[in-house]
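Just so it is clear, none of the values below were taken in a lab; they were calculated from the coordinates. None of the values given here were measured: they were computed from a predicted structure. Every residue, glycine as well, gets a Cβ built from its backbone with ideal geometry; the counts of neighbours run over all protein chains shown.
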Amino acid sequence: MAKDPSPAEGKKKSSLKKILMISLGGIVLLGGGAGAGMYFGGAFEPHSEAKKEDPHRPKLVEKSEEPAEPAAEGADAKPVPRVGTVYVENDKTKVDPRKFEAGYLQLPENFTSNLANGDGFVQAGLSVSTYYDDKVFANVKRHMVPIRSAILMVLAVQDGVLLSTPEGKTRLQKELTEAINKVLRDKEGFGGIDNVYFSNLVIQ
């Protein structure tokens, strides 16, 4: 026959139940408070996962049917700035050239380098294009020193025979575009250069 619990054992069990109830109550209150804080802090809002637009990032320039504004005249005239309207997360987003306007910038001075085989040299005048606004060109001008260095390093590893072919020139365009964008991403966190064009190219 089972023995009835002693008064001391009953008190111990009662105290244990009270402690458990108090602990559980505290956990529920803490959980409720944290949940309320997250709710009022916007953690459960449907658009909270979307990153906020960075006002310093370049934006894509949409094509317009309206004619472009004429540039101001005079010695101190400055071209009308290209202002973007479409924000994207990063410059690796594929751009539809039918929807967006390209801008062009001539890089100052020619680039001259020996070729990889040591039998000649290459001299190139370069322009860059972008579908983004003038913030990209401002970044190019700001970081022209490392950009020139990157371009010369690309030119120095070219093979003169391959570079004389259309395929070699097309490959060089891609390599130069990647090199310039790498500098811009390292310095500004955003590339934006779509392509590099030759204003002149001499291989000797």
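Skipping prolines and chain starts, which residues have an amide H placed within reach, meaning under 5 Å, of the one on N195, given they are 5 or more residues away or on another chain?
S129
Give or take rounding to whole Å, what are the principal axis extents of the alpha carbon atoms in the range 103-203, in descending order?
Result, largest extent first: 39, 22, 20 Å.
If the only charges are +1 at each Lys and Arg Cβ and -1 at each Asp and Glu Cβ, what is the size of the charge dipole of the range 103-203 around the Cα centre, to the nearest 20 debye?
220 debye
Given K59/K169; K59/K141; K59/K182, which pairs have Cα atoms separated by over 26 Å?
In this structure, K59/K169 lie more than 26 Å apart at Cα.
Taking the mean number of other Cβ atoms within 10 Å as a proxy for protection, how do you rank 170-176, 197-203, 56-62 from highest to lowest?
56-62, 170-176, 197-203
Which whole-number percent is the relative contact order of the range 103-203 (Cα, under 8 Å, 6+ apart)? Don't jump to the answer; show the numbers that get you there.
Values: 162 pairs, mean separation 38.3, N = 101.
Relative contact order, the range 103-203: 38 percent.
Taking H as built 1.01 Å from N, whose amide H comes closer than 5 Å to the amide H of F190, not counting residues under 5 places away?
Correct list: R185.
With r as the distance between the Cβ atoms of V80 and S129 and R0 = 22 Å, compute the FRET efficiency 1/(1 + (r/R0)^6) and round to 0.05.
Computed FRET efficiency for S129 and V80 comes out at 0.80.
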